[in-house]
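Chemist: One structure, pasted below without further comment.
The values are calculated or read from the model by the stated rules, or taken from the named source; none is laboratory data. Only a predicted model underlies this, so the values are computations on that prediction, with no experimental measurement involved. As a convention, Cβ positions derive from the backbone with ideal geometry for all residues, glycine included, and neighbour counts pool all protein chains shown. Note: accessible area is taken over every heavy atom of the protein model, side chains too, but ligands, DNA and RNA are not part of it. Shrake-Rupley method; radii C 1.70, N 1.55, O 1.52, S 1.80 Å.
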Amino acid sequence: DFLDGAVASQRCDLPVKLLRRGCEPEFMEQSEVKVEVNTTTSSTQVSPQDISVTLRPGSQASVVVAVKQLKRYPVDLYYLVDVSASMQENLDHLKTVGVALSLRMTEHSSDLQLGFGSFVDKPVSPYINVHPSKISNPCSDYEIRCRPAHGFHHVLGMTGNISEFTRVIKRQRISGNMDTPEGGLDALLQAAVCQRDLGWRPEAKRLLLLMTDQPSHLALDSRVAGIVTPNDGLCHLENNVYTGSTRQDHPSVGQLSDKLLENHMYLIFAVEKQQYKWYEALVHLLPGSYLGKLGLFQAPNLIELVVDAYKKLLSEVSVSVSVEDKAVSRYWVSVSPLCPNGSTAKDQSCSGVQPDQTVYFNITIGMHSCPDNGEDEDVKVVVRPVGYNESTVVRIHSKCACSCGSTRRCNDESQSPCRETQGSTNQEQRPQNGLIQNSDRDSNWNCRADGSDMDCSGRGVCDCGRCLCDETRLGTVYGKYCERDDFSCPYEGGLICGATCQSANGLICSGQGSCVCGKCVCDDPRQTGDFCERCPACQSTCQSYWDDVLGQAGEKWIQCMYISNDSCRYRFQTSSQSGQTQLHISTRAECASNSRLKRNLTSGGAAEVTVYHCTGKDLSYIPTSNEKTVTYRRESPPDRPVEMHIQDSKMPLGDPWQC
């Protein structure tokens, strides 16, 4: 009977105010932010490894994760080498690397293992010559025996036997292909995710070294080969050969980045200086990657590259934080590192970290809103130090429900901060910032498209019933439900869509249709054209511009005529291209001079005038004549009308025209 008759929202207030109104402490329910650390698990590098956090909407909590670098690690180094024909000399230099590298790495690790794999490109046209003689030997024109092209071939698993590594390298032969970019990223993903096949050790620092003298294909490149299935990010090795090369696309850069993080990989690019700029842009998108510029792929240069990359990668400590997909729009995360020298880095990483030193990361996690059903939920957040085989799991329990009335909610719409903005929820916007600090879930009813199970299509956050779309370097995400963007290539019926539907006037399908898989589907079946810009069966092309004739504006190519009330004839031309309409209008009006004709047409009563020119033809059709039929009906006798036909010849080309 507390506040009997009042709205349920008045039950929710500060404890001191509720006590003043007569609510005793034993009847109060208060949701607190809690952070609990599980101390039963221990780790030598990353701690703590398990944290539990309780949050409510609009609240946040901070946890500290410590990352310590050990003095010495076991090291797994996998050479992934481009064996296209241009790499012949570089492959020869690699044959002397094994022993010398093993000796140099003893300064940093007492347990080094090496592996080897090769790649060229997808073995399909147009990447390779598919003539039968060239498939088995791509170098047949040069009387050289080459191996067939391949997407990825795993040759030697991780081994501490350096002599075996050297023997395998000496047996390698080059291959050949047609185009300049190679399939490096495709092979990289397989080398990262096929852990068991390659023999990656869980406790080792994992170095994946890519050697090439060319740039790499990216996602969507394989469309030219008719391969439109996206890369699934899984291992597809059978008998040490990548069998998915001809079935699925190259991975995207984001997908490759995720797989490298999940599998604790450090990535080293050994490229010739001509390709340095291309890979320099790539390494900024791949955490834990290092780029080495080699004038020549000689053994000493390769050894120094590996040693320098290993020291640099280990001395830079950073973390990646991921939230479960189902709840990513309802939480925000910030990272602030405290480096061993006492500084706080701005780029979320610390450089120059030495063995036995520790970096502390302050991780702040905030909650925007509750699920649509208003119930409590459990969400997992994973903190992964880049290149480390250990991580921290933060288990979040959200407090959304309570015991305030039958609805188990603490407030009603009268208390919602979104009431004043409800009227603007239907506006389609392209916001500049996709993050908000608070959200009232009672007002978020308008953020899901029909049939969707997530707010804002999973690409934005719901703020007072309006989607605020995420920002991305790829382009702009927009739409009422963030369902649109200007960079995606959707799939329709197994085929990728890449065409545009924007007509020259800036509208989608001239504003007369919708874009389906890159092609315009017109709203009216009578409309035609690539952009629904033509409709011969709709209102007459000439009639559409009668109002413009008197104003002498526009520009066009179909020859037409307008008959005014004073019996003057105005000639004009119309044209429609790419959704834009133009008129050409003659400045010379042709008025009737035969007073007898005018008198005969007007003295007898009502006259019916029908204009037959420009009648529903395709816009490319130019009539040879313009015909009008004037029908004059006398009062008596009514059953014998007089019908007069006037045939106008084609418009003279010498007439003056004005735009």
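Chemist: Look at the range 117-157 and say how many of its residues are among the aliphatic types (A, V, I, L, M), in a strand (DSSP E or B) and open to solvent by less than 30 Å² (accessible area, probe 1.4 Å).
Modeler: Within the range 117-157, the first condition is being among the aliphatic types (A, V, I, L, M), and the residues that meet it are 120, 124, 128, 130, 135, 144, 149, 155-156.
Retained after the next criterion (residues that are in a strand (DSSP E or B)): 155-156.
Pick out the ones that are also open to solvent by less than 30 Å² (accessible area, probe 1.4 Å) and you get 156.
Count: 1.
Chemist: Inspect all residues belonging to the range 353-365 and state whether any of them is under 16 Å from Glu324 (Cβ atoms) and either at pLDDT below 50 or surrounded by 20 or more Cβ atoms within 10 Å (Cβ to Cβ) (or both).
Modeler: Yes, that holds for at least one residue.
Chemist: So which of Leu256, Leu234 ends up being touching a residue at least 12 places away in the same chain (Cβ under 8 Å) and either in a loop (DSSP other than H, G, I, E, B) or open to solvent by 40 Å² or more (accessible area, probe 1.4 Å) (or both)? Before you say what the answer is, go through the steps one by one.
Modeler: Details: Leu256 fails: either in a loop (DSSP other than H, G, I, E, B) or open to solvent by 40 Å² or more (accessible area, probe 1.4 Å) (or both).
Criteria check complete, one pass: Leu234.
Chemist: Just for the range 170-189: of the residues that are part of a helix (DSSP H, G or I) and out of contact with any Ser or Thr (no Cβ under 9 Å at 6 or more places or on another chain), which one is least open to solvent (accessible area, probe 1.4 Å)? Walk me through it before giving the result.
Modeler: Narrowing the range 170-189 to residues part of a helix (DSSP H, G or I): 170, 184-189.
From what is left, the residues that are out of contact with any Ser or Thr (no Cβ under 9 Å at 6 or more places or on another chain) are 170, 189.
Numbers: Lys170: 129, Leu189: 1 Å².
Out of the qualifying residues, it is Leu189.
Chemist: Next up: Which one of these does Asp347 not meet: (1) assigned to a loop (DSSP other than H, G, I, E, B); (2) farther than 22 Å from Gly387 by Cβ; (3) not aromatic (Phe, Trp, Tyr)?
Modeler: That leaves (2) as the condition not met.
Chemist: Something else about it: Could you list, in sequence order, the residues of the range 463-477 that are at pLDDT 80 or above and surrounded by fewer than 19 Cβ atoms within 10 Å (Cβ to Cβ)?
Modeler: Thr476
Chemist: Continuing with this model, one more query. Just to verify a result, which residue in the range 216-231, among those that are open to solvent by 20 Å² or more (accessible area, probe 1.4 Å) and either in a loop (DSSP other than H, G, I, E, B) or at pLDDT 95 or above (or both), is farthest from Asn129 (Cα to Cα)?
Modeler: Pro230
Chemist: Being open to solvent by less than 60 Å² (accessible area, probe 1.4 Å), closer than 18 Å to Val383 by Cα and either of a type in the set (Gly, Ala, Ser) or not in a strand (DSSP E or B) (or both): is that true of Ala66 here? So that I can check it myself, show each step before the final result.
Modeler: Details: open to solvent by less than 60 Å² (accessible area, probe 1.4 Å): yes; closer than 18 Å to Val383 by Cα: yes; either of a type in the set (Gly, Ala, Ser) or not in a strand (DSSP E or B) (or both): yes.
Yes; evaluated as a whole, the condition is true for this residue.
Chemist: Closer than 25 Å to Tyr73 by Cβ and crowded, with 22+ Cβ neighbours inside 10 Å: is that true of Leu198 in this structure? Steps first, answer last, please.
Modeler: Working: closer than 25 Å to Tyr73 by Cβ: yes; crowded, with 22+ Cβ neighbours inside 10 Å: yes.
So Leu198 passes the test.
Chemist: Okay, moving on. If we scan the range 532-543, do we find a residue that is at pLDDT 70 or above, open to solvent by 30 Å² or more (accessible area, probe 1.4 Å), assigned to a strand (DSSP E or B) and farther than 22 Å from Trp332 by Cβ?
Modeler: yes
Chemist: If you take the residues of the range 72-90 that are at pLDDT below 85 and over 37 Å from the mean Cα position of the chain (by Cα), which of them is most open to solvent (accessible area, probe 1.4 Å)?
Modeler: Glu89
Chemist: Here's a check for you: in the range 23-63, which residue that is under 21 Å from Pro355 (Cβ atoms) and open to solvent by less than 20 Å² (accessible area, probe 1.4 Å) is nearest to the chain's Cα centre (by Cα)?
Modeler: Checked the range 23-63; the qualifying residue nearest to the chain's Cα centre (by Cα) is Val46.
Chemist: A further question on this structure: (1) within 28 Å of Gln88 (Cβ to Cβ); (2) crowded, with 19+ Cβ neighbours inside 10 Å; (3) hydrophobic (A, V, I, L, M, F, W, C); (4) without any contact (Cβ under 8 Å) to a residue 60 or more places away in the chain: which one isn't true of Leu267, the others all being true?
Modeler: (4)
Chemist: Looking at (1) touching a strand residue (DSSP E or B) at 6+ places or on another chain (Cβ under 8 Å); (2) within 30 Å of Ile227 (Cβ to Cβ); (3) at pLDDT below 75, can you tell me which one Tyr491 breaks?
Modeler: Against the list (1) touching a strand residue (DSSP E or B) at 6+ places or on another chain (Cβ under 8 Å); (2) within 30 Å of Ile227 (Cβ to Cβ); (3) at pLDDT below 75, Tyr491 comes up short only on (1).
Chemist: Can you name the residue in the range 323-344 that is within 25 Å of the chain's Cα centre (by Cα) and surrounded by fewer than 16 Cβ atoms within 10 Å (Cβ to Cβ) and, of all such residues, is nearest to Asn389 (Cα to Cα)? If you could, list the steps in order and put the result at the bottom.
Modeler: So the first thing to find is which residues in the range 323-344 are within 25 Å of the chain's Cα centre (by Cα), and the list is 323-335.
Next cut, surrounded by fewer than 16 Cβ atoms within 10 Å (Cβ to Cβ) only: 324-326, 334.
Values: Glu324: 20, Asp325: 22, Lys326: 25, Ser334: 22 Å.
Going through the qualifying residues, I end up with Glu324.
Chemist: When you look at Ser510, is it hydroxyl-bearing (Ser, Thr, Tyr), farther than 30 Å from Gly366 by Cα and either at pLDDT below 85 or under 20 Å from the mean Cα position of the chain (by Cα) (or both), yes or no?
Modeler: Details: hydroxyl-bearing (Ser, Thr, Tyr): yes; farther than 30 Å from Gly366 by Cα: yes; either at pLDDT below 85 or under 20 Å from the mean Cα position of the chain (by Cα) (or both): no.
Considered against the rule, which asks whether it is hydroxyl-bearing (Ser, Thr, Tyr), farther than 30 Å from Gly366 by Cα and either at pLDDT below 85 or under 20 Å from the mean Cα position of the chain (by Cα) (or both), Ser510 comes out as no.
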